[in-house]
Number of protein chains: 2
Amino acid sequence: MTLRIRIDLGYDGTGFSGWAAQPGLRTVEGVLSEALSTVLRAPEPVRLTVAGRTDAGVHARGQVVHADVDDSAFARLPGRSDRSPEAAAVARLSGVLPADVVVRRVTLAPPGFDARFSALRRRYRYRVCDDPGAADPLRRHETVLVRDRLDIAAMDESARGLVGLHDFAAFCKRREGATTVRTLLEYAWRRGDDGVLEATVVADAFCHSMVRALVGAVVPVGEGRHPAGWPAEVLAGRTRDPRVKVMPAHGLSLEEVVYPPEGELAARAEQARATRTLDR
Amino acid sequence: MTLRIRIDLGYDGTGFSGWAAQPGLRTVEGVLSEALSTVLRAPEPVRLTVAGRTDAGVHARGQVVHADVDDSAFARLPGRSDRSPEAAAVARLSGVLPADVVVRRVTLAPPGFDARFSALRRRYRYRVCDDPGAADPLRRHETVLVRDRLDIAAMDESARGLVGLHDFAAFCKRREGATTVRTLLEYAWRRGDDGVLEATVVADAFCHSMVRALVGAVVPVGEGRHPAGWPAEVLAGRTRDPRVKVMPAHGLSLEEVVYPPEGELAARAEQARATRTLDR
C-alpha cells in the first residue's frame, strides 16, 4: 500500500540546474528523490510532484512536493525512537540531504491533495539592489545588482497595472498545447529597511520564465526608460516582446504555495487540470 | 603628501581566513589592500587599520577601515569621468574586488579619525536557528543551527545581566599586556519574524572571541541546562571557564561601528589608546 506525503522544503538554487531531474546534472528533484529513496530504502527512485518547477539558479523557501510512498516503510522510520513517522522523516532526510536543501516539514497529505494541481496560488519574491552602499555581501546569491537608481513608486504603479486575469503570452515562453492565460493576483514593489527593492508576485500559476519577465518589464520603468504604462501595453500585445529582458534567475525565490481547505483539494485539482496542461 | 581615507565595507567571511593578512592565506585585509594598491597604482601594498579584526569565518556588514594614501593618486581616480574621487574609488574598487567583499563608501577621514581607536562602540549580531522548520537555506552561511528549542526569554534575561563595566576575562582569550576590562553596552536576544534568534551585542570594544563566548554562555541557559543567573556567576569568576563554549564563527557578523562627532575623534583615540593595547 502507498500513502501520499507532503514535503515542505527550501533550497539555495545556486548549485542546482533547477528543479527537474536531468541525467548527469545536479537538480533539486534528483537530490531529494535520492534522499527519500535512501531513507525509505525504496528499491527505485521515489517519484515527486512539485508545486513550482523552478529554473536553474532560482531559490525556494516555500516549495511543496508530494510523493506516494510505501506505508510500511514510512511507519518504520522512527525506528526505536518515540518520534512520529513525520518527525522522523524530517530528521532522517536532513541527515542525508546536502546543506543547500532543507526539509521543513513532512506531513500526511489530506485526501485529494496534489502538490501541483491543488495549489490555489504561488507567491514569488524578486530582490534587486540599486545602491552599492546597500549591497549585502551575505545575500548576494539572492539579489540582483543594477547599475542605476530605480524609481520604486513608478515601478510599483506599473506593476499594479498588470494585475488581473490576462493572457500573459507577452511574458511567457510559449509551449505547445499550454495556455498562457493566468490570474495575476498581486504584483507590488517596495523598498525594504535594508534599501533593497523587493517584488511580490502572486498568481494562480505561472508559465515558464513569467516572473522574471514581469520583473524585466518593470525595471526599465524604474530606470526612466519607459513610462509606467508600458508593461501594460506590452501585455496587451499578447506576443513575446524582445524589449522585455528576462531577469537573472538568482534574484528569484518561490516563497509560498497556498492550498484550499481540505474539503476543496480534489475539486481544485480537477479544475486546474482542466484549464492547464503545462503549468509551473 | 598622504591623505587619510575611510572605507566602509562588508564581507561574507566564509571564504576568508579572517581579517588580518597572513602569508599564503586568503584574508580580507590582504584582498582589500591589494585592490587598493591596484586602483591607486601604489608601488607597495597600502596599509590598513581596521575597526574590528574579525576571526576566520566571521562576517561583516558595517566594517570600517582607514588608510593613508597618496593624495595625487587619489585625486586622479575619476580619470575623465565627472565623478568625485570618493565615488570613483568605490566604483574602481568594486571593479577589482571579489564578489564576497563589498565597499559601500569611501570618504575623506575627518581630522583625528582613526578607524580603530576613534571608535566609540562596535555592534555585533549573532544568529541561531533552533527550529528546522524555520531554517533558511539561503542564510545558512550566517546562521548556526542548534538541536534543541531555546527559551528566548531566559536567554534575554541572562544576557542583560552581563551588561556594564566589567572584567570580561572569563569570556576572553587572554593576551599578554592586554586588559580584559570592557563596557558591555547592550546584550539582548530576540526571535525575529522568520523564527531565527538574534543576539545584539554592543561594547566599547571586544577582546578576542568575546562575542562568541558571550553567546556560548547564554545558549545553555536557553537549553535549560543552567539558570539565567549562571553567565553572571561565570563573569564574576574572572577566569576562562571551560563550560563556556566559544560558538561557531559563521553565526557572527560585525554590523556597525560608531564614532563620536568630528571634534571628539582625536580625544577619543587618545583615551582608547591609553586604556587598551590589543583591542578588537
Note on the stretch B:85-101: residues in a loop (DSSP other than H, G, I, E, B) and either touching a His at 6+ places or on another chain (Cβ under 6 Å) or of a type in the set (A, V, I, L, M) (or both) are B:LEU97, B:ALA99
Kindly check whether there is at least one residue in the stretch A:205-220 that is over 18 Å from A:ARG53 (Cβ atoms), away from chain B (no Cβ under 14 Å) and surrounded by fewer than 18 Cβ atoms within 10 Å (Cβ to Cβ).
no
Collect the residues in the stretch A:90-99 that are over 16 Å from A:GLY62 (Cα atoms) and within 7 Å of chain B (Cβ to nearest Cβ), keeping them in residue-number order.
A:SER94, A:ALA99
Can you name the residue in the stretch B:100-141 that is touching a Lys or Arg at 6+ places or on another chain (Cβ under 6 Å) and under 22 Å from B:VAL64 (Cα atoms) and is also nearest to the other protein chains (Cβ to nearest Cβ) among such residues?
B:THR107
Here the qualifying pairs (Cβ atoms under 7 Å; residues six or more apart or on different chains; first in the stretch A:220-234 and farther than 8 Å from A:SER158 by Cα; second charged (D, E, K, R)) come out as A:GLY222/A:ASP151; A:GLU223/A:ASP148; A:GLY224/A:ASP151; A:VAL234/A:ASP241
What's the total number of residues in the stretch A:191-238 that are more than 26 Å from A:THR275 (Cα to Cα), touching a Ser or Thr at 6+ places or on another chain (Cβ under 6 Å) and in a helix (DSSP H, G or I)?
2
How many of the residues making up the stretch A:102-119 are surrounded by fewer than 17 Cβ atoms within 10 Å (Cβ to Cβ) and part of a loop (DSSP other than H, G, I, E, B)?
2
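Looking only at the stretch B:50-85, filter to residues that are charged (D, E, K, R) and surrounded by 18 or more Cβ atoms within 10 Å (Cβ to Cβ); which one of those is farthest from B:VAL28 (Cα to Cα)? Step through it out loud before you land on a result.
Within the stretch B:50-85, the first condition is being charged (D, E, K, R), and the residues that meet it are B:53, B:55, B:61, B:68, B:70-71, B:76, B:80, B:82-83.
Then drop every residue that is not surrounded by 18 or more Cβ atoms within 10 Å (Cβ to Cβ), which leaves B:53, B:55, B:61.
Details: B:ARG53: 10, B:ASP55: 10, B:ARG61: 13 Å.
Among those that are charged (D, E, K, R) and surrounded by 18 or more Cβ atoms within 10 Å (Cβ to Cβ), it is B:ARG61.
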Kindly indicate whether A:VAL69 is closer than 30 Å to A:ARG123 by Cβ, hydrophobic (A, V, I, L, M, F, W, C), within 14 Å of another protein chain (Cβ to nearest Cβ) and in a strand (DSSP E or B).
no
From the option list B:LEU184, B:LEU265, single residue qualifying as among the hydrophobic types (A, V, I, L, M, F, W, C) and either touching a His at 6+ places or on another chain (Cβ under 9 Å) or within 14 Å of another protein chain (Cβ to nearest Cβ) (or both) is B:LEU184
Within the set of pairs 6 or more residues apart or between chains, which connect a residue that is at pLDDT 95 or above inside the stretch B:109-127 to a residue that is polar (S, T, N, Q) and not in a strand (DSSP E or B) with Cβ atoms less than 6 Å apart?
B:ARG127/B:THR143
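For B:ASP156, indicate whether it is part of a helix (DSSP H, G or I) and of a type in the set (D, E, K, R). Break it down stepwise before answering.
Values: part of a helix (DSSP H, G or I): yes; of a type in the set (D, E, K, R): yes.
In short, yes.
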Condition first: among the charged types (D, E, K, R), within 14 Å of chain B (Cβ to nearest Cβ) and assigned to a loop (DSSP other than H, G, I, E, B). Now tell me which residues in the stretch A:5-37 satisfy that.
A:ASP12
Just to be sure, is B:VAL128 assigned by TED's automatic domain parsing to the domain that holds B:GLY263 and either surrounded by fewer than 16 Cβ atoms within 10 Å (Cβ to Cβ) or within 29 Å of B:THR183 (Cβ to Cβ) (or both)?
yes
So B:VAL146 clears everything in (1) buried (at least 19 other Cβ atoms within 10 Å of the Cβ); (2) assigned by TED's automatic domain parsing to the domain that holds B:ALA269 except one condition, right? Which one?
(1)
Do we have A:ASP136 as within 27 Å of A:GLY15 (Cβ to Cβ) and surrounded by fewer than 17 Cβ atoms within 10 Å (Cβ to Cβ) here?
no
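Quick one: is B:HIS166 under 19 Å from B:LEU252 (Cβ atoms) and in contact (Cβ under 8 Å) with a residue 40 or more places away in the chain?
Considered against the rule, which asks whether it is under 19 Å from B:LEU252 (Cβ atoms) and in contact (Cβ under 8 Å) with a residue 40 or more places away in the chain, B:HIS166 comes out as no.
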Given (1) over 16 Å from the mean Cα position of the chain (by Cα); (2) within 20 Å of B:GLU255 (Cβ to Cβ); (3) not assigned by TED's automatic domain parsing to the domain that holds B:GLN271, index of the condition B:SER72 fails
(2)
Which residues, taken from the stretch A:19-63, are of a type in the set (S, T, N, Q) and under 18 Å from A:ARG116 (Cβ atoms)?
A:THR27, A:SER33, A:THR49, A:THR54, A:GLN63
Would you point out the residue of the stretch A:141-180, among those that are in contact with a Cys (Cβ under 9 Å, 6 or more places away or on another chain) and charged (D, E, K, R), that is modelled with the highest pLDDT?
A:LYS173
When you scan the stretch B:259-275, do you find a residue that is over 22 Å from the mean Cα position of the chain (by Cα), outside the structural domain of B:SER17 (by TED's automatic domain parsing), aliphatic (A, V, I, L, M) and over 30 Å from B:THR49 (Cβ atoms), even just one?
no
In the stretch B:226-244, which residues are out of contact with any Lys or Arg (no Cβ under 9 Å at 6 or more places or on another chain) and either within 14 Å of chain A (Cβ to nearest Cβ) or of a type in the set (Lys, Arg) (or both)?
B:ARG238, B:ARG243
The lone condition A:PRO242 fails out of (1) in contact (Cβ under 8 Å) with a residue 40 or more places away in the chain; (2) farther than 23 Å from A:TRP19 by Cα; (3) out of contact with any helix residue (DSSP H, G or I) (no Cβ under 6 Å at 6 or more places or on another chain); (4) not aromatic (Phe, Trp, Tyr) is (1)
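The values are calculated or read from the model by the stated rules, or taken from the named source; none is laboratory data. Nothing here was measured: the structure is a model prediction, and the numbers come from that model. Counting neighbours? That spans all protein chains shown, and the Cβs are built from the backbone with ideal geometry, glycine included.
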